[in-house]
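Chemist: Questions regarding the structure given below will be posed in turn.
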Amino acid sequence: MTNSQNLSDSMDTKTETRQCDKHGEFEAELFRIMDKWHGGLCPRCDEERVKAEAERKRREELAEKQRKVERLMGDSGIPRRFQDRTLDSYRAETEGQKRALQIARKMAGGNPDDGVSLVFCGKPGTGKTHLACGIAHEWIETGIPALFATVLAAIRHIKSTYNRESEITEEQAISVFTRTELLILDEIGVQLGTEHEKMLLFEIINERYQQMRPTILISNLTRSELTDYLGDRVMDRFRESGAVVAFDWDSYRGGKS
């Protein structure tokens, strides 16, 4: 027999009628330890305290989750114009738009570890950035970091390390884009100044492919033009790990992209 069993067997208990100011009369369960009687709390009051504590913890967890979401959104680099764009607010009227939305929803609801990646290419103002940011919203809401950047901004960030006063190395700058859970790279196909700059872009894309990290490329080029720019090998990798979606319908009124 354990010590706790011995204590339980030897413990004096009793029941007495008591009055609760809130719930009225109740039968109180008391136990004696060291010649002092303990217990006797109103069971309904006790139940309410437990529920109140659970509710307090739930609210704290929700508040902490919201703070994390706001922090991730603030760090995401998503342009202010697109910070309120969600998959639910995307207008899908044509078959092409419905297919694009379906593909976006599938990625948004998937497991980041699957390494699914997408290419959104085609006419300006057709909802490419809207859908990409909508996917990012879905992931950020679940606590998954995302990073949005234009190609030029990414290259500029990396090249800033060439300054002797830079506090980080080129490798560390590149890792900003290779290590984030979800990377959205916009303006793929813009004219880069040197072959080295294009190689930096390919290094980011290739490293993310090798590490199976989800990536979304956005370009105003056609599928054929983008293939010429990135090469068959890169495009094949995106088709293998996800999809290449051509946005070939007319621009939305108002120029949303």
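No lab work stands behind these numbers, since they all come straight from the coordinates. Values in this document were obtained by computation on a predicted structure and should not be read as measured data. Counting neighbours? That spans all protein chains shown, and the Cβs are built from the backbone with ideal geometry, glycine included.
Chemist: Students often get this wrong, so check it: of LYS98/LYS123; LYS68/LYS159; LYS36/LYS57; LYS128/LYS198; LYS98/LYS198; LYS123/LYS159, which have C-alpha atoms separated by over 26 Å?
Modeler: Beyond 26 Å between Cα atoms: LYS68/LYS159; LYS36/LYS57; LYS98/LYS198; LYS123/LYS159.
Chemist: Right, another one. Spelling out what I want: for every residue of region 120-135, take phi, set θ = phi - 60°, compute 6.51 cos²θ - 1.76 cosθ + 1.60 (Karplus), and round to whole Hz; glycine and proline get x.
Modeler: Result, ordered by residue: 10, 10, x, 4, x, x, 9, x, 5, 5, 4, 5, 4, 5, x, 5 Hz.
Chemist: Then there is this: Using a 10 angstrom cutoff on alpha carbons, build the Gaussian network for the chain and name the most mobile of GLY96, GLY115, GLY127.
Modeler: GLY96
Chemist: Let me ask something else. Just grab the label-to-label distance for SER175 and TYR162, each label 7 Å out from Cα along the Cβ direction, in nm (one decimal).
Modeler: 2.2 nm
Chemist: When the Debye formula is applied to the Cα atoms of region 45-169, each taken as the same point scatterer, what base-10 log of I(q)/I(0) results at q = 0.14, 0.17 Å⁻¹?
Modeler: Debye curve over Cα of region 45-169, log10 I(q)/I(0) at q = 0.14, 0.17 Å⁻¹: -0.77, -0.97.
Chemist: Using the Karplus equation 6.51 cos²θ - 1.76 cosθ + 1.60 (θ = phi - 60°), what ³J(HN,Hα) coupling, rounded to whole Hz, does each residue of region 103-115 give in order, writing x for Gly and Pro?
Modeler: After applying 6.51 cos²θ - 1.76 cosθ + 1.60, I find 5, 5, 5, 5, 5, 4, x, x, 8, x, 5, 6, x Hz.
Chemist: Then there's this: I need the phi-derived Karplus couplings for region 62-76: 6.51 cos²θ - 1.76 cosθ + 1.60, θ = phi - 60°, integer Hz, Gly and Pro marked x.
Modeler: 5, 5, 5, 4, 5, 4, 5, 4, 5, 5, 5, 5, x, 8, 6
Chemist: Hey, another quick one. Using 0.36 nm per residue of separation minus the Cα-Cα distance, give me the extension gain between ASP232 and GLU195 in nm, one decimal.
Modeler: In short, 11.5 nm is gained.
Chemist: Report, by chain and number, residues whose modeled amide H sits under 5 Å from the one on GLY122, excluding near sequence neighbours (fewer than 5 apart, same chain).
Modeler: SER219, ASN220, LEU221, PHE247
Chemist: Can you compute the FRET efficiency between GLU207 and MET73 using 1/(1 + (r/R0)^6), with r the Cβ-Cβ distance and R0 = 25 Å? Round to the nearest 0.05.
Modeler: 0.50
Chemist: Report, by chain and number, residues whose modeled amide H sits under 5 Å from the one on CYS20, excluding near sequence neighbours (fewer than 5 apart, same chain).
Modeler: Sorted by chain and number, the residues that satisfy this are GLU25, PHE26.
Chemist: Which value, in debye to the nearest 20, describes the size of the charge dipole of the chain about its Cα centre when Lys and Arg Cβ atoms bear +1, Asp and Glu Cβ atoms bear -1, and nothing else is charged? Mind dumping the intermediate values first?
Modeler: On the way: 39 positive and 44 negative charges, 155 e Å.
Here the chain has a charge dipole of around 740 debye.
Chemist: Once each part is reduced to its C-alpha centroid, what is the distance from region 202-257 to region 73-129 in angstrom?
Modeler: Using only Cα atoms to place each centre, the spacing works out to 12 Å.
Chemist: Oh, and also: Hey, if you put +1 on the Cβ of every Lys and Arg and -1 on every Asp and Glu Cβ in region 1-149, which of MET73, GLN97, TRP37 ends up farthest toward the positive end of that dipole?
Modeler: Final value for the positive-end residue is GLN97.
Chemist: Rounded, prolate or oblate: which fits region 185-229 when a ≥ b ≥ c are the square roots of the eigenvalues of the alpha-carbon gyration tensor, with rounded for a/c under 1.5 and prolate only if a/b beats b/c?
Modeler: Since a/c reaches 1.5 but b/c is at least a/b, the shape of region 185-229 is classed as oblate.
Chemist: Using the beta-carbon distance between GLU25 and VAL50 and R0 = 22 Å, what value does 1/(1 + (r/R0)^6) give for FRET efficiency, to the nearest 0.05?
Modeler: The pair GLU25/VAL50 has a calculated efficiency of 0.55.
Chemist: Related question: Mind listing the lone cysteines of the chain, meaning no other Cys beta-carbon sits under 4.7 Å from theirs?
Modeler: So far as the 4.7 Å Cβ criterion goes, CYS121, CYS133 stand without a partner in the chain.
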